[in-house]
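Rule-based calculations on the coordinates, nothing more; no lab input. A quick note: this is a predicted structure, and the numbers were derived from the prediction, not measured.
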């Protein structure tokens, strides 16, 4: 089982985490496009508007991909956008630092999201198995009541050991 996903529809938590990362990356890419335009304009280049247009297009694609992660090609588009953000470093070198940050977040979102999805699936399977198993008649309310009485008894025992015994006075000093 591969933890890293390159294609396909990810689970719910993976989509949420990856969507947050790629959407926020879109904002960072847009600000990078503004910097690229300003640098080109300061040098007197005629490509300043083209750089802004391309950077804005990349930013919009990042934000759109946050919603397209439900599609089988959504994760693939996310990887392509990661590579495109690295390519932005040829115009604005600081974008390499931005991509390292968001690339690490993208990897973390895919790996940890997958782990959370797997964990949720296991817990759901256990819960459904417990609901279908007629031998286990103990309800969750009965379990929580017994746990509450056990913890209350241990708290009252601890509070009795902390209070001084009646009839004793504190030593005079």
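Compute the Rg/Rh shape ratio of the stretch 1-115: radius of gyration over Kirkwood radius, all on alpha-carbon atoms.
Taking Rh as the inverse mean 1/r over Cα pairs, Rg/Rh reads 1.04.
Taking 25 °C and 0.890 mPa s as the conditions, I'd like the Stokes-Einstein D for the stretch 47-142 in µm²/s, using the Kirkwood hydrodynamic radius from alpha carbon pairs.
The Stokes-Einstein estimate is 147 µm²/s.
What is the ratio of the Cα radius of gyration of the stretch 1-49 to 2.2 N^0.38 Å, where N is its residue count, to two decimals? Show your work: numbers first, answer last.
Working: Rg = 17.4 Å, N = 49, 2.2 N^0.38 = 9.7 Å.
It is 1.80.
Return the whole-Å distance between the Cα centroid of the stretch 44-103 and the Cα centroid of the stretch 6-20.
Value for the Cα centre distance between the two parts: 18 Å.
Binning at 5 angstrom from zero up to the longest distance, how are the C-alpha pair distances of the stretch 88-132 distributed in percent?
P(r) over the stretch 88-132, rounded to whole percents: 5, 20, 13, 13, 10, 9, 8, 7, 5, 4, 3, 2, 0.
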